[in-house]
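Peer 1: Supplied in structure tokens, the structure appears directly below.
The values are calculated or read from the model by the stated rules, or taken from the named source; none is laboratory data. Just so we're clear, the structure is a prediction, and the values are computed from it rather than from any experiment. Glycine gets a Cβ as well: all are built from the backbone with ideal geometry, and neighbour counts include every protein chain shown.
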Amino acid sequence: MPTAFEPVKIGRYTARNRVAMAPMTRSRATGPGGSPTELMATYYGQRATAGLIITEGTQPSEIGQGYPYTPGLHSDRQIEAWKPITAAVHERGGLIFAQLMHAGRIGHPSLFAQEMTSVTASPVKAAGTIFTPEGPQEFVTPEALTADGIAQTITDFSAAAQNAIEAGFDGVELHGANGYLLHQFLSTNVNQRTDEWGGSVEGRIRLVVEVATAVAVAIGADRVGLRISPANPVNDIVEDGHRDTYRALIAALNPLELAYLHIAEGPDPEFTPELRKLWEGTLILNPFTPKAWTDLDALKLVEDASTDLLSYGALFLANPDLPARLQAGGPFNSPDYSTAFGGDETGYTDYPAL
């Protein structure tokens, strides 16, 4: 029976333990042109005892940005600024993947240096508001990607993955969850296309499969992970018949032999055991814990082989030495959500270790 503190294979790598740091947007990339900062090197370096660190969502292109002060991987300046961060993790023996996140319609024109409108599968506006440099604003109606725009998006993901390797990352995670672009194409309310990129399960999964394939060709499939969140309604997503969608998606992805699949469980956790059986590679699970955070009890999911690794969000935010604390049974710092997004070192790099 495995424990969370034993090594595990992740693609071409062997992780020191089975505790992963989940991707968490922190909006502290205040360097020029969406570049990360020295403070971020401290933050990730502090958490390098994770089996795997998955960074905050990082846009593969300017149009992919969804929130203020999120980092990119689409310019030389950004590549150079990431290098001290990956070095800080590697100096402590850690593994770090960059999460490539195209926000799609979850964005706002005020974020862009030039006049642009966010893009997605179909011109369907998201309900609600988004935080911008000018404060909360309503989402705008996005533009539908043309065939050329889709081809460019795939190229952008591939180029950003190559940039990640140049910046020192061990690999990348493609963000296909939580209502962002790849998830928007999987959904039935945002993707109203009738061409080969929609109109059926096979059409709706196509962008995810083609992005994963292109990135695997660019940097090696054993350095590529994918995050999904079946039936998660966040960011105004509807997925009618989601089980059929994800069965088809996994069947299409298995031949690629990606490094891992990362499931962010939503309101259908009963589907996870089936996904576990269908997926032929390494599985990372972020369990569904509504109104709470993943805690010590979740370790049993590794021990009973429900997953290969567990990803922790809130507890990793507040506990830089989380694997040691989990192994000791606690105690745990509680996260201060008032400092979660933006700001300085307060609530970021000042949480104490044991």
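Peer 1: If you check P109, P68, P60, which single one turns out to be touching a residue at least 60 places away in the same chain (Cβ under 8 Å) and surrounded by fewer than 24 Cβ atoms within 10 Å (Cβ to Cβ)?
Peer 2: P68
Peer 1: Take the residues of the stretch 201-234 that are of a type outside the set (A, V, I, L, M, F, W, C) and crowded, with 23+ Cβ neighbours inside 10 Å: which is nearest to the chain's Cα centre (by Cα)?
Peer 2: Result: R227.
Peer 1: What about L326, is it within 23 Å of D170 (Cβ to Cβ) and over 17 Å from the mean Cα position of the chain (by Cα)?
Peer 2: yes
Peer 1: For the subset of the stretch 235-271 comprising residues that are over 19 Å from the mean Cα position of the chain (by Cα) and among the β-branched types (V, I, T), which member is surrounded by the most Cβ atoms within 10 Å (Cβ to Cβ)?
Peer 2: T245
Peer 1: Scanning the stretch 80-106 for residues that are among the β-branched types (V, I, T) and touching a Gly at 6+ places or on another chain (Cβ under 7 Å), which turns out surrounded by the most Cβ atoms within 10 Å (Cβ to Cβ)?
Peer 2: So the residue we want is I106.
Peer 1: Let me ask you something else. On the given criteria, is T30 within 27 Å of A353 (Cα to Cα), surrounded by fewer than 19 Cβ atoms within 10 Å (Cβ to Cβ), out of contact with any Pro (no Cβ under 7 Å at 6 or more places or on another chain) and not aromatic (F, W, Y)?
Peer 2: yes
Peer 1: Answer yes or no: is there a residue in the stretch 235-242 that is out of contact with any Cys (no Cβ under 6 Å at 6 or more places or on another chain), over 24 Å from A160 (Cβ atoms), in contact (Cβ under 8 Å) with a residue 12 or more places away in the chain and assigned to a helix (DSSP H, G or I).
Peer 2: So far as the stretch 235-242 goes, yes, one or more of its residues are out of contact with any Cys (no Cβ under 6 Å at 6 or more places or on another chain), over 24 Å from A160 (Cβ atoms), in contact (Cβ under 8 Å) with a residue 12 or more places away in the chain and assigned to a helix (DSSP H, G or I).
Peer 1: Ok, one more. Counting just the residues of the stretch 272-297 that are touching a helix residue (DSSP H, G or I) at 6+ places or on another chain (Cβ under 6 Å) and more than 19 Å from G51 (Cβ to Cβ), which one comes out surrounded by the fewest Cβ atoms within 10 Å (Cβ to Cβ)?
Peer 2: This residue is E280.
Peer 1: Here's something else I'd like to know. Among the residues of the stretch 38-53, is there at least one that is at pLDDT 95 or above, surrounded by fewer than 22 Cβ atoms within 10 Å (Cβ to Cβ) and within 23 Å of V119 (Cα to Cα)?
Peer 2: no
Peer 1: Report, by residue number, each residue of the stretch 54-73 that is in a loop (DSSP other than H, G, I, E, B) and touching a strand residue (DSSP E or B) at 6+ places or on another chain (Cβ under 7 Å).
Peer 2: Selection gives P60, Q65, Y67, P68, T70, P71, L73.
Peer 1: Tell me, which residue of the stretch 173-184 that is under 9 Å from the mean Cα position of the chain (by Cα) and aliphatic (A, V, I, L, M) is surrounded by the most Cβ atoms within 10 Å (Cβ to Cβ)?
Peer 2: A177
Peer 1: Further question on the same structure: Return the only residue of T86, T146, T129 being more than 17 Å from I219 (Cβ to Cβ) and touching a strand residue (DSSP E or B) at 6+ places or on another chain (Cβ under 8 Å).
Peer 2: When all the criteria are applied, what remains is T129.
Peer 1: Turning to a different aspect of this structure: Is at least one residue of the stretch 14-32 more than 22 Å from Y67 (Cβ to Cβ) and small (G, A, S)?
Peer 2: yes
Peer 1: Collect the residues in the stretch 63-89 that are over 27 Å from P136 (Cβ atoms) and among the aromatic types (F, W, Y), keeping them in residue-number order.
Peer 2: W82
Residues checked against (1) in contact with a Gly (Cβ under 7 Å, 6 or more places away or on another chain); (2) among the β-branched types (V, I, T):
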| site | (1), (2) |
| --- | --- |
| S158 | no, no |
| F169 | no, no |
| L181 | yes, no |
| Q184 | yes, no |
| E196 | yes, no |
| V201 | no, yes |
| R223 | yes, no |
| I228 | yes, yes |
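Peer 1: Restricting to the stretch 315-354, and then to whatever is among the hydrophobic types (A, V, I, L, M, F, W, C) and in contact (Cβ under 8 Å) with a residue 60 or more places away in the chain, can you tell me which residue is nearest to T3 (Cα to Cα)?
Peer 2: L326
Peer 1: Of the residues V209, V234, which single one is among the aliphatic types (A, V, I, L, M) and farther than 21 Å from S118 by Cα?
Peer 2: Just a single option satisfies the conditions, and that option is V209.
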